[in-house]
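Take a look at the structure below.
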Amino acid sequence: MKRLAAVVLALVLSTACAGQISQTFSTFDNPRELSMEPAYVFTHADGRSGSDLRLSLFWRSTMPKNELILGAFVDGAHSIPSKKSLHFNIDGRIVSLSSIDTLTNIETKYGSPGVVPPYNVSSNRYVVTFEFIEKIITADDVRVRLNLGKKYVEGVFSDKTFGAAKPDFVKFYDIIKAQP
């Protein structure tokens, strides 16, 4: 019973951190950085259907004007193709993105000793514009698919339930747009 409670607590805490937005200033060269922890793209628009796909955002004031980085994360060790591997179906219109990474980043997470075993997370980064983010947060229906070579993961970005990516993308966009 204690083990089950620990697993449930670990899951709640991991969902609570999803989509967290943080702001930092570099003491080295003084740019402002805004980053969003990976947030869930649920399989169905119900907030309970599980998710193998997470999305994050990153912006630095020294980046080219109107650009930011979108990160795509999936559990497991996968080789994510760099060419046109992340797809958005925005109200029926497909937009395909190519990664800026030549190789997939595969990171081992260590979980909780005795409760959650170590696991891998694979990720790639994509350059997007503020206009693209505005399109996906204002569209009625947005679906996402990440190609993993011989298979794919997909989900509903337009889901607004707790822990879903869209509400955190809206917060991130609003913070950036409020910049002088």
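Working out 0.36 nm times the residue gap between Asn120 and Ile175, then minus their Cα-Cα distance, what length gain in nm do you get to one decimal? Let's see the in-between values first.
Values: separation 55, 0.36 × 55 = 19.80 nm, distance 3.12 nm.
Between Asn120 and Ile175, full extension yields an extra 16.7 nm.
Would you mind calculating the gained length between Leu103 and Phe130 on full extension (0.36 nm times residue separation, minus the Cα-Cα distance), in nm to one decimal?
Numbers: separation 27, 0.36 × 27 = 9.72 nm, distance 2.53 nm.
Fully extending the segment from Leu103 to Phe130 adds 7.2 nm.
Calculate how steeply helix 2-17 sits against the longest principal axis of the alpha-carbon atoms of the chain, using the helix alpha-carbon long axis, and give the answer as 0 to 90 degrees to the nearest 10.
0
Given labels modelled 7 Å from the Cα in the Cβ direction, how far is it in nm from Thr138 to Arg32?
2.2
For the pairs Lys83/Lys160; Lys109/Lys171; Lys65/Lys177, flag any whose C-alpha to C-alpha distance is greater than 23 Å.
On the way: Lys83/Lys160 29 Å; Lys109/Lys171 27 Å; Lys65/Lys177 12 Å.
The pairs that break the limit, which is 23 Å between Cα atoms, are Lys83/Lys160; Lys109/Lys171.
With viscosity set to 1.002 mPa s at 20 °C, what whole-number translational diffusion coefficient in µm²/s follows for the chain from Stokes-Einstein and a Kirkwood radius over Cα pairs?
On the way: Rh = 17.1 Å.
Here the translational diffusion coefficient equals 125 µm²/s.
Could you state the number of Å between the C-alpha centres of segment 164-180 and segment 66-115?
What the calculation gives is 20 Å, centre to centre.
Residue by residue, what Karplus-based ³J(HN,Hα) values in Hz, rounded to whole numbers, does segment 147-157 have, using 6.51, -1.76 and 1.60 with θ = phi - 60° and x for Gly and Pro?
6, 10, x, 8, 8, 8, 10, 8, x, 9, 5
Calculated FRET efficiency, Thr161 and Phe58, Cβ-Cβ r, R0 35 Å, to nearest 0.05? Provide the component values of the computation, followed by the final result.
Details: r = 24 Å, r/R0 = 0.68.
The value I calculate is 0.90.
Read-outs: derived from the displayed coordinates by stated rules, not from any lab. Please read these numbers as outputs of a predicted model, since none were measured by experiment. Here the Cβ is made from the backbone with ideal geometry for all residues, glycine too, and neighbour counts use every protein chain on show.
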